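Remarks on the structure that follows.
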Amino acid sequence: MKKLFLFSLLLLLWTSCQDRPTALSSPDAAATPTATKTVDTLSAIVAQVRGRNRLHTTEFQIHKVVLYEDKAKLGGKLLDIDMPGHRKIAVPIDITLKGYIDFKGFSAANVKLIDSLAILTLPDPGVTVTSLTVDRKHTRQYVSIARANFSDAEITRLVRQGEDSVMRHISRFGIVEAARESAARTLVPLLCRMGFKESNIIVRFRKDFNADEIRRFVTPFKAH
Amino acid sequence: MSHDQPSAASPATDHNQQPLAEPVSAPADADTRIDTPAPPPPKKRRGCWAGGFVLLWRLLAAAVRHWRVTLILISLLVVGFAAWWLTMRLSDDRPLFSVEHSEAIAESPEEIRAMRDIGQWEFLSIDTEELIESHERGLFGDRHLVRVFRGTLRIGIDMQRATPDWFTPKGETAVVRLPDVVLLDSAFINESRTVTFYEEGNWNAAEKQKQLDRARQAMLKRALNAQNLQQARKQAESQFRYLFNSFGYKDVVFTFEPQNPLP
């Protein structure tokens with residue numbers, strides 16, 4: 001009787017696993033030995049196309065290791081007790097920044113031709129994040145047995161903080177100055193081919209910028 | 001000759017105060033016999049600590065003697081402190097009980113791994129999203145990971161691919177031979193903007209990387225089509241024409257050299 005009961009219980013468990021909704025197959029399925037069936041659906045959501053006129057002149061690769069320790073506690077209005085155990089993570093990230101000159105507002109007013117002298121006044125430079133990759137292979141987390149592993153959403157939140165930190169310190173990298181110099185190096189040969197001597201070409205900018213102004217030049221990654 | 005004695009009505013009057021009151025009524029010849037007042041008896045000087053101890057002892061004694069009053073006062077103090085503590089605690093917007101986590105990351109250095117000059121003229125940018133789902137069914141439980149990836153594909157002209165004589169002036173006409181428009185960045189997904197819509201079970205780094213690769217391929221397939229490339233080409237012509245017009249060229253002739261659109 002006992003054996004019959006155990007057999008029935010196992011059979012019930014097995015059938016309950018089999019009755020889940022069926023799913024489509026995926027290439028990921030082959031990667032995991034325990035996988036029996038996989039669902040994969042690709043779905044395009046939105047695409048926004050915009051015309052630009054930006055001359056990207058310099059590119060910086062920034063590396064940062066985002067460090068985080070989750071000091072959790074039982075809190076609220078009445079409690080203040082630290083939770084036991086530890087929960088730490090180190091996430092290496094690589095950010096690509098590009099400095100650019102936006103020629104959208106560029107016009108004949110920005111060009112002064114005085115005899116053989118060409119004076120070009122360029123618009124203010126800008127900085128944009130073109131990509132951010134998380135090195136998941138080298139991401140390390142150290143979590144006590146009583147605590148939960150870091151979820152993907154949590155890691156993304158920390159990565160975003162890391163990106164914000166890089167943006168805050170952007171004036172230290174000298175990317176705006178590099179963008180200006182590189183813009184001059186790109187445009188001077190063009191003017192030389194137009195017949196101007198290199199010594200008669202002046203490329204200038206509106207003004208020098210301090211750290212706060214430089215921070216305002218950063219175009220955040222498109223916030224949907 | 002009168003010699004003042006303390007009156008019977010005020011037997012406890014201090015002996016030292018008599019000479020102060022007397023000169024008003026004293027006759028003029030009384031100054032020959034002035035009694036010097038007796039010095040006051042020396043007071044016992046207690047130390048500061050001893051005085052405090054005595055005071056405390058008396059207070060304690062009084063508290064014990066009137067123990068009911070003491071008990072009531074202590075109770076009032078305890079109730080008042082509890083009320084103040086509760087008011088302070090309950091005045092903010094936090095819930096009564098909660099699990100709180102530290103939010104901010106630690107300070108860590110940022111390292112410039114590489115910097116280079118580029119000459120990329122961006123004429124079209126495409127902001128796009130891609131929903132990637134992975135579901136796995138196993139004997140010991142199912143796993144699900146649904147993420148939305150976001151990226152911006154920039155299409156334009158890489159001037160580093162242009163030949164040295166890409167621009168030739170011919171009178172008032174500029175003859176421009178440009179490399180064709182291409183995708184300017186091979187990496188265009190910003191993972192900090194990825195939204196993890198649903199996650200169940202553990203997913204390793206390789207599996208997450210596979211999802212990222214699939215999102216990248218899907219975005220490329222959708223964004224890098226003939227229509228967008230043509231639109232970027234038109235935008236390039238329009239913007240370069242405007243630029244050369246600013247330098248005084250009335251006409252601009254364009255030629256695009258074929259390129260692989262992928263970087």
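The values are calculated or read from the model by the stated rules, or taken from the named source; none is laboratory data. Remember, it's a predicted structure, so these values are computed and weren't measured experimentally. All Cβ positions, glycine included, derive from the backbone under ideal geometry; neighbour counts span all protein chains shown. For the accessible areas, the whole protein counts, side chains as well, though only heavy atoms, and no ligand, DNA or RNA atoms are used. Shrake-Rupley method; radii C 1.70, N 1.55, O 1.52, S 1.80 Å.
Overview of results
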{"item": "Note, ³J(HN,Hα) from phi for the range B:162-176, Karplus 6.51, -1.76, 1.60, rounded to Hz, x at Gly and Pro", "result": "6, 6, x, 9, 5, 10, 10, x, 10, x, 9, 10, 9, 9, 10"}
{"item": "Placed amide H near residue A:86: partners under 5 Å, 5+ positions off or other chain", "result": "A:144"}
{"item": "Solvent-accessible area buried by A and B, counting both chains, probe 1.4 angstrom, square angstrom", "result": "9000 Å²"}
{"item": "Probe 1.4 Å, accessible area per residue of the range B:204-248, Å²", "result": "49 Å²"}
{"item": "Residues along the range A:89-127 losing 50 Å² or more of accessible surface when the other protein chains are present rather than the chain by itself (probe 1.4 Å)", "result": "A:98, A:106"}
{"item": "Heavy-atom accessible area ranking, 1.4 Å probe, most first, across B:97, A:106", "result": "B:97, A:106"}
{"item": "Average partner coverage of B:199-210, which counts Cβ from other chains inside 10 Å", "result": "4"}
{"item": "Amide H contacts of residue B:175 (H built 1.01 Å from N, under 5 Å, at least 5 apart or other chain)", "result": "B:168, B:170, B:253"}
{"item": "Order by protection proxy (mean Cβ within 10 Å, highest first), peptides A:132-144, B:100-112, A:56-68", "result": "A:56-68, A:132-144, B:100-112"}
{"item": "Where only C-alpha atoms are counted, convex hull volume of the range B:120-257 per residue in Å³", "result": "117 Å³"}
{"item": "³J(HN,Hα), Karplus 6.51/-1.76/1.60, whole Hz, each residue of the range B:255-261, x for Gly, Pro", "result": "9, 10, 8, x, 9, 6, x"}
{"item": "Cα-Cα over 29 Å, subset of B:170/B:234; A:104/B:250; A:104/A:137", "result": "A:104/A:137"}
{"item": "Distance between the range B:92-171 and the range B:173-198 - C-alpha centres, whole angstrom", "result": "11 Å"}
{"item": "Accessible surface of the range B:120-257 [probe 1.4 Å, protein heavy atoms]: carbon and sulfur percent", "result": "51 percent"}
{"item": "Sequence ranges A:179-189, B:199-209, A:84-94, ranked by mean other-Cβ count within 10 angstrom, highest first", "result": "A:179-189, A:84-94, B:199-209"}
{"item": "For a label point 7 Å along the Cα-to-beta-carbon line of residue A:200, residues of the range A:105-142 with backbone N under 15 Å", "result": "A:112-120"}
{"item": "Long-range HN-HN contacts of residue A:66 with modeled amide H, under 5 Å", "result": "A:91, A:93"}
{"item": "Length-normalised contact order of the range B:120-257 in % [C-alpha pairs under 8 Å, at least 6 apart]", "result": "32 percent"}
{"item": "Portion, in percent, of the accessible area of the range A:52-219 that falls on carbon or sulfur, probe 1.4 Å", "result": "51 percent"}
{"item": "Accessible area per residue, Å², the range A:52-219 with all protein chains present, probe 1.4 Å", "result": "45 Å²"}
